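Notes for the one structure printed next.
The values are calculated or read from the model by the stated rules, or taken from the named source; none is laboratory data. Computed from a prediction, not measured in an experiment: that's the story for all the values here. Here the Cβ positions follow ideal geometry from the backbone for every residue, glycine too, while neighbour counts run over all protein chains shown. Calculation scope for accessible area: heavy atoms of the full protein, side chains included, ligands and nucleic acids excluded. Shrake-Rupley method; radii C 1.70, N 1.55, O 1.52, S 1.80 Å.
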Amino acid sequence: MSGTFLGMPAFPEAARAAVRDDVLRANLRHATRTIRDKRARAVAELADWDRLRAVGQAVKDHTLRHLDRYLLQLEEAVTAAGGTVHWAADAGEANRIVTQLVLATGEREVVKVKSMATQEIGLNEALEAAGIAAYETDLAELIVQLGRDRPSHILVPAIHRNRAEIRDIFRTEMGRWGRPAPEPLGDDPRELAEAARLHLREKFLRAKVAVSGANFMVAETGTLVVLESEGNGRMCLTLPETLISVVGVEKVVPTFRDLEIFLQTLPRSSTAERMNPYTTMWTGTTDGDGPAAFHLVLLDNGRTDTLADEVGRQALRCIRCSACLNVCPVYERAGGHAYGSVYPGPIGAILSPQLRGTASGIDASLPFASTLCGACYEVCPVAIDIPEVLVHLRERVAQGGPVTRDGIRVRIRPAHGHTAERAAMRAARLLLDRPGALGAGERLLARARRLRPRRLPGPGRAWTDSRELPAVPAESFRDWWAREREASR
């Protein structure tokens, strides 16, 4: 994925630094708890939420099973409506396509709608290398861009910043990118929003090319859909002469009617709203209305490899609502940057290692960045069983085995550092296959319980660095069960 995150340390190391940052933790705690409380109230308003969730899951699973057919139908519909479809196998190909399309217009700047797909492929950096300036227009993305920062949340990329930090960024950086911030500028949210509006307005009115993603693509009509809250997306999608949309292939849905499900579940799960303030839909081009040229870049970049994994493919159901981040105790304490990916939190812990593979230290560590508490699964509006996929990927990291890479079935070796774990699992398997030996070991452990150390030696030391070793009971469950059964006769 994006070179922005190359060289990031493994999750434990990055998280260790993040949890020592008191300001970061306070920002995250306040924001995530506020969002999840509002979301819970919004979801509780729908008596049929569980049914919507189940139907959303079914639609996504059906689409993924027949993805080839629906993508070809989408291409045909977009082309018939006056658009042009491009297929990009990876990030490099997608960046080349977009760069060439922009250069062909003769322009040297673009305005952008918030898009995780373009962040995933590092499009801004690729455009900059070609002499093209890309301006983020979403408020949070603008903050991240002006601050030369990285996004740390799916819905609120600048969640790690507080109002005072944003004010300082606007004061020092806005003038380098365009219209300076007004003087004096305070940290009241209304003042900050007005400064961003004035800064962006001149870019909206001047730009001839826009780049977007899409929340959904409708195969039967060729319609693309963007949901947003600020109106910047509407400006980008209607004012420029050329619109280029980079969208992951998994974002397609079969019919226009299928949108009914997700237009209810996505706003409530993400912004805790009954309906997004701005839901923009467009189908190809129309003379005298909106962009005169529309290009759709369908991005694979590891998605079909992920689709080949029967357990892991459910990550492709994700509609990017960020609900899983807001309930995750690990994300709340470590923040998004520790995940080393544009996709942070629980969904990032299962999506990034599948899109990028597990060869790097950061990707091999992500499946372990979880307590497996299951809160992420409970709130997911398309019922992605994130804990199941985490365990599945942990096995892949520790044991190796067959995976699909670039459409080819290969066998990967176990990641470095899991030798002791594999030995422990083999020993456990031998013991569990021999009930007599297991019972004898339990009784011996019970008799020696007073000798319990406070910390485990060797590889187990990392586990007891942050946990107390549980007390050993005086009697094993096996012996208690046998005694109780005998007493009941």
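Brief remarks follow.
- Some residue of region 247-260 being within 30 Å of Met174 (Cα to Cα), open to solvent by 10 Å² or more (accessible area, probe 1.4 Å) and in contact with a helix residue (DSSP H, G or I) (Cβ under 7 Å, 6 or more places away or on another chain): no
- Whichever residue in region 196-223 is among the hydrophobic types (A, V, I, L, M, F, W, C) and either closer than 11 Å to Lys114 by Cα or in contact with a Lys or Arg (Cβ under 9 Å, 6 or more places away or on another chain) (or both) and, among such residues, is surrounded by the most Cβ atoms within 10 Å (Cβ to Cβ): Val211
- Hits in region 111-149 - residues which are aliphatic (A, V, I, L, M), touching a residue at least 60 places away in the same chain (Cβ under 8 Å) and part of a helix (DSSP H, G or I): Met116, Ala117, Ile121, Leu123, Leu139
- Conditions (1) part of a loop (DSSP other than H, G, I, E, B); (2) more than 30 Å from Arg274 (Cα to Cα); (3) at pLDDT 95 or above: number failed by Arg171: (1)
- Scope region 301-320; condition open to solvent by less than 30 Å² (accessible area, probe 1.4 Å) and either more than 15 Å from the chain's Cα centre (by Cα) or at pLDDT below 95 (or both); matching residues: Asp305, Asp309
- Hey, Asp479 of a type in the set (D, E, K, R), at pLDDT 80 or above and either surrounded by 13 or more Cβ atoms within 10 Å (Cβ to Cβ) or in contact with a strand residue (DSSP E or B) (Cβ under 8 Å, 6 or more places away or on another chain) (or both) or not: yes
- Boolean, Leu227 is outside any loop (DSSP other than H, G, I, E, B) and more than 24 Å from Val98 (Cβ to Cβ): no
- Which numbered condition Ser269 fails, given (1) in contact (Cβ under 8 Å) with a residue 60 or more places away in the chain; (2) surrounded by fewer than 24 Cβ atoms within 10 Å (Cβ to Cβ); (3) polar (S, T, N, Q): (2)
- Here is the figure for region 156-193: residues that are loosely packed, with under 13 Cβ neighbours inside 10 Å and in contact (Cβ under 8 Å) with a residue 40 or more places away in the chain total 1.
- Restricting Ala58, Ala77, Ala40 to those that are in a helix (DSSP H, G or I) and either touching an Asp or Glu at 6+ places or on another chain (Cβ under 7 Å) or open to solvent by less than 40 Å² (accessible area, probe 1.4 Å) (or both) reduces the list to Ala77.
- Among the residues of region 356-387, the ones that are part of a helix (DSSP H, G or I), out of contact with any Phe, Trp or Tyr (no Cβ under 8 Å at 6 or more places or on another chain) and closer than 14 Å to Gln314 by Cβ come to 2 in all.
- Every pair of residues 6+ apart whose Cβ atoms lie under 9 Å, when the first sits in region 318-344 and is closer than 16 Å to Arg268 by Cβ while the second is in a loop (DSSP other than H, G, I, E, B) and of a type in the set (Gly, Ala, Ser): Leu325/Gly336
- Any hit, region 421-438, residues being over 30 Å from Gln314 (Cα atoms), open to solvent by 40 Å² or more (accessible area, probe 1.4 Å) and part of a loop (DSSP other than H, G, I, E, B): yes
- Test: residue in region 397-410 that is open to solvent by 40 Å² or more (accessible area, probe 1.4 Å) and assigned to a helix (DSSP H, G or I): yes
- Test: residue in region 353-361 that is out of contact with any Cys (no Cβ under 7 Å at 6 or more places or on another chain), of a type in the set (Ser, Thr, Tyr), surrounded by 24 or more Cβ atoms within 10 Å (Cβ to Cβ) and within 23 Å of Gly417 (Cα to Cα): no
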